[in-house]
1. Residue check, residue 199 against (1) in a strand (DSSP E or B); (2) in contact with a Leu (Cβ under 7 Å, 6 or more places away or on another chain); (3) among the small types (Gly, Ala, Ser), all met but one. Which one?
2. I'd like to know if the stretch 649-672 contains one or more residues that are aromatic (Phe, Trp, Tyr), more than 20 Å from the chain's Cα centre (by Cα), over 15 Å from residue 487 (Cα atoms) and surrounded by fewer than 24 Cβ atoms within 10 Å (Cβ to Cβ).
3. Output yes when any residue across the stretch 113-135 is among the hydrophobic types (A, V, I, L, M, F, W, C), touching a Cys at 6+ places or on another chain (Cβ under 9 Å) and part of a loop (DSSP other than H, G, I, E, B), and no when none is.
4. When you scan the stretch 319-332, do you find a residue that is surrounded by 24 or more Cβ atoms within 10 Å (Cβ to Cβ) and among the charged types (D, E, K, R), even just one?
5. Go over the candidates 84, 96 one by one and state the one that is under 25 Å from residue 668 (Cα atoms) and in a helix (DSSP H, G or I).
6. From the list 176, 209, exactly one residue is under 16 Å from residue 57 (Cα atoms) and among the basic types (Lys, Arg). Which is it?
7. Given the conditions (1) surrounded by 17 or more Cβ atoms within 10 Å (Cβ to Cβ); (2) assigned to a loop (DSSP other than H, G, I, E, B), and given that residue 496 satisfies all but one, which numbered condition is not satisfied?
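The values are calculated or read from the model by the stated rules, or taken from the named source; none is laboratory data. For clarity, every value in this text was computed on a predicted model and none was experimentally measured. Reconstructed Cβ throughout: ideal geometry from the backbone, glycine too, with neighbour counts over all protein chains shown.
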Amino acid sequence: MTASSQLVLVRSVGLVQPTRFTRAKQCFAKPLLRHRYALAFALVHLSLASAQEWTEYGGPGGQHFSALEQITPSNVGKLHKVWEYHTGDLARMTAEQKKLMSFQATPLKLPDAAGGHLVFCTPLSRVVALDPASGTEHWTFDPKIVTGSKRPLVCRGLAYWDRDATKTQAANCSRRLFLATYDRRLMALDAITGKPCESFGKSGSIDMRETNDPHPRDEVTHSSPPLVVGNLVIVGSGVMDFRKAVAPSGAVQAFDVLSGKRVWSFDPIPDKGDGKNWPDIPNVSPRSHAGAANVWAPMSSDPARDLVFLPTSSPSPDYYGAARKGDNRHANSVVALRASTGELVWAFQIVHHDLWDYDTPAQPILTDLKRDGKLVPAVVQVTKQGYVFVLNRDTGVPLWPVDEVAVPEGAVAEESPSPTQPIPRIPAPLLPNKLLPDDAWGLSFWDKNKCKKMIEETRHAGRYTPISEQWTLMLPGSLGGANWGGAAIDTARGVMIVNYNTAAARARLVKRANADATGSVTLEGFNWRMGMGGTPYDMEMGMLVSPLGIPCTPPPWGKLAALDLATGTWRWDVPLGSIHDSAPFPIPFEINWGTPTLGGGVLTKSGVFFIASTMDRSFRAFDAASGAQLWRAKLPADAMATAMSYQAKGRQFVVVAAGGHYMFAQRPKSDTLVGFALAD
């Protein structure tokens, strides 16, 4: 599922409102160079050699790690705003577009040979290049996207290609930026000038829509950035997987960076069923009764191994699977492909036969773990469920044990849920497995008792309880747990830091005589209801909240946690966000009960973790060693984006996009990119 179909409820009185739409010591010196994984380790840690730049989304290996250390735990308190830039998107938008926009971009910092710009995209898919030290505009490019659908306007980032990195001869546009637009175009721009690369496709653009695609164009869009590996640019998609049983294909596509020619395509749903993962029906492809399993979250790559890692989402429809019996591989998986050919190397499924919209929501993170005295290449995947999977990068075999655990039964008669689900033995899950009536929380006895009664009346036998015609509790809801902001890893310190949500949701299937083929979405109080076209059911869902709109789960509702990568234990776990800015009246002090969190952070070599991603218009710095908050700055709007860091003119900058989020309809909106640094 894309972020457009996730449900977040936020109300000024208690963080909840329905919306239309529903993520060790450093010891790697000379001895490591003799290790057989030295080359891969060096590639994953390119940030150590090019700390001044930030040339790919999430940094090398998706680690969200900066090797800069000018800003430290001892001086971060002196950080201040140096510049801010307004994109102008809000002034260009209609009233309806403003409701759908979310400024989630993470900029790239290009090398001097590519202009040295700070580049990013806006919700309208415009590309902007700034002076990284002053925030002064260098150039802009407007693809003039076609809008008009009800899909959220989101663009999280760009991809960068440099001919020198691949020793490729390019007559023009020797350094390129790639933009996947809202309306499904892939565009190549000259990184220095911002002008389209005429040799790419047709005048710098290709249409990624398949010529025989029978689905309306607005059912597929893009939110996360493309990924450049060698001389290929690889693109995922965002698919409306809740709207109807047979959603559009979630195929990932790869294109030649120079010509735009399609090189390969990989569909996580196979063309033929095997009886275990998909129905084996003669002359009937599984793709004829299910779609999606797309990659809407960011991807990552290991160029030395010629591997690209895909976090695939749920198949359609994501809450009802009677027509897609089986485990539904390779949906809900971490998939490793041969980057140059698209050949499947391995896949590990996170959820069998998904009925809860538990997509693989975040960028896979590449790191190296010490096992039996040797460094082993790993992939770390955080999930909506609050589990962390650690897999061998070469084979997909779990490095930390994963058990197939029996899960609750009780689905509707025609459904065939998986009897087991893969659950890591370590680390411990970020969220409890159950929510009991006595766990109910409220500001008063009245609303607490209302929550208690609601939990008592809701089916819940633990995580993965199948959704039925009775209200069924989901812990967590489809927002997570973790989401698209992912996590940050410092391999030298052996730590991973992740932000996550703790609120529960409830859902039920509503039977009707005629399925709504349009997949319409309606709101009723704190719940939303959507027609799953081609099925006998509507889906009704809402966050588990009191009549006051306050979560029935105990606070904190947003948290930040640090995982020890050597032991698999959690080092610390602290609240993230304050509810003071969500109250119906001004509160002059923080109330650190946590808020829903979307977006992610950046971890620096000096041990500072920067993150916004909360509903209190704040940007924070935390001590990576202890979880203590070191610094906070006020922003013009909630920054539901991922921060990044770079160096320009001898100064380390930390930058975040503050624009609000379409899910949080009552919160302020903005179009501001803000840069922070220490005083000169």
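1. Status for residue 199: all satisfied but (1).
2. There is no residue in the stretch 649-672 that is aromatic (Phe, Trp, Tyr), more than 20 Å from the chain's Cα centre (by Cα), over 15 Å from residue 487 (Cα atoms) and surrounded by fewer than 24 Cβ atoms within 10 Å (Cβ to Cβ).
3. Yes, because at least one residue in the stretch 113-135 is among the hydrophobic types (A, V, I, L, M, F, W, C), touching a Cys at 6+ places or on another chain (Cβ under 9 Å) and part of a loop (DSSP other than H, G, I, E, B).
4. Yes: one or more hits.
5. 96
6. Sole residue among the options that is under 16 Å from residue 57 (Cα atoms) and among the basic types (Lys, Arg): 176.
7. That leaves (2) as the condition not met.
Conditions tested, residue by residue: (1) at pLDDT 95 or above; (2) over 16 Å from residue 191 (Cα atoms); (3) buried (at least 24 other Cβ atoms within 10 Å of the Cβ).
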position: 59; (1), (2), (3): yes, yes, yes
position: 100; (1), (2), (3): no, yes, no
position: 111; (1), (2), (3): yes, no, no
position: 131; (1), (2), (3): yes, no, no
position: 136; (1), (2), (3): yes, yes, no
